[in-house]
Amino acid sequence: MTINLKTAEDIEGMRVACRLASEVLDYITPFVKPGVTTEALDKLCHDYMVDVQQCIPAPLNYAPGGYKPYPKSICTSINQQVCHGIPSSDKVLKKGDIVNLDITTIKDGWHGDTSRMFVVGEGSIAAKRLCHITYEAMWHGIVQVKPGARLGDIGHAIQKFAEGHGFSVVREFCGHGIGRGFHEDPQVLHYGRPGTGEELVPGMVFTIEPMINAGKRDIKELGDGWTIVTKDRSLSAQWEHTVVVTPTGYEVLTLSAGSPPVPAFVTATAC
Ligand code: MF3
Ligand code: CO
Ligand code: CO
């Protein structure tokens, strides 16, 4: 395992890529309405990244070992889909759906990776609660980030919070180091034991992106080779930020004007 530590100059590059990724989510938000297809959302995001932001959509043709090239520019994971949902002209969003839009940009060689949940039209109390608890779970992980803390502290905080609310944590997918590569070391598990795992040092950059299921944690892959769904078909939610370890704590790089407010428990303990 090799963790690439980023210099101040590298982090400046990451800040730009990450802000752009978050701004794609700001841009697409008003289009996430009943009746829109996930393919239309993909095309809008693709054109915004390429024509307006002049960056590269990292998912397009992304082919890590063992996977066939990903055919679209964003991931759109609806309801029981956990992650890596492929946009399609036959996926029409309807009132009450929940959908994760996951955006990864490449700008000047640097990757920025972030995702948000959207409730389409009016959602059920249960669906909104899952999205909200998953958002807070991500932030419980983020506030652990500081030099001397360990990766297990992040995973433990997320797991404790999510399971404490009766939900389960997907184990097969995790956060990841990020930089010139889309997926770098280390792996950032969303479960674990405090005081275990790699020690955090300033200049590490990684994502925190918990996938939380309303039912059991078990998942399966669909025949398209990418889409992951819950085995019990229960709803699944995910949020993702890219963060850098600073000398005093953390900086969230994937923030923009349209980012949802930071939970109150975070501002109360801010570094
Ligand atoms: N953005 C996803 C992540 O958070 C990875 C998507 S890979 C793709 O790591 F090929 F499906 F786009
Ligand atoms: Co990621
Ligand atoms: Co992502």
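Where a number appears in this text, it was derived from the coordinates with a stated rule and is not lab data. This is a predicted model, so every value here is computed, not measured. Neighbour counts run over all protein chains shown; Cβ positions are idealised from the backbone, glycine included.
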Can you name the residue in region 190-215 that is under 28 Å from residue 131 (Cα atoms) and either within 13 Å of ligand 2 (Cβ to nearest atom) or acidic (Asp, Glu) (or both) and, of all such residues, is surrounded by the most Cβ atoms within 10 Å (Cβ to Cβ)?
210
Within region 59-82, restricting attention to residues that are within 21 Å of residue 27 (Cα to Cα) and part of a strand (DSSP E or B), which residue is farthest from the chain's Cα centre (by Cα)?
78
Looking at 219, 228 in this structure, which one is away from ligand 2 (no atom under 16 Å from the Cβ), more than 14 Å from the chain's Cα centre (by Cα) and surrounded by 15 or more Cβ atoms within 10 Å (Cβ to Cβ)?
219
Filter the strands (runs of 3 or more DSSP E) completely within region 171-271 down to those with at least 2 residues that are within 16 Å of ligand 3 (Cβ to nearest atom).
175-177, 184-188, 205-208, 211-213, 236-238, 241-245
Please indicate, with yes or no, whether at least one residue in region 219-237 is under 30 Å from residue 7 (Cβ atoms) and touching a Lys or Arg at 6+ places or on another chain (Cβ under 8 Å).
no
Extreme residue, farthest from ligand 1 (Cβ to nearest atom), among residues of region 57-109 that are in contact with a helix residue (DSSP H, G or I) (Cβ under 6 Å, 6 or more places away or on another chain) and among the small types (Gly, Ala, Ser):
89
All but one of (1) surrounded by fewer than 23 Cβ atoms within 10 Å (Cβ to Cβ); (2) in contact (Cβ under 8 Å) with a residue 40 or more places away in the chain; (3) more than 16 Å from ligand 3 (Cβ to nearest atom); (4) part of a helix (DSSP H, G or I) hold for residue 162; which doesn't?
(1)
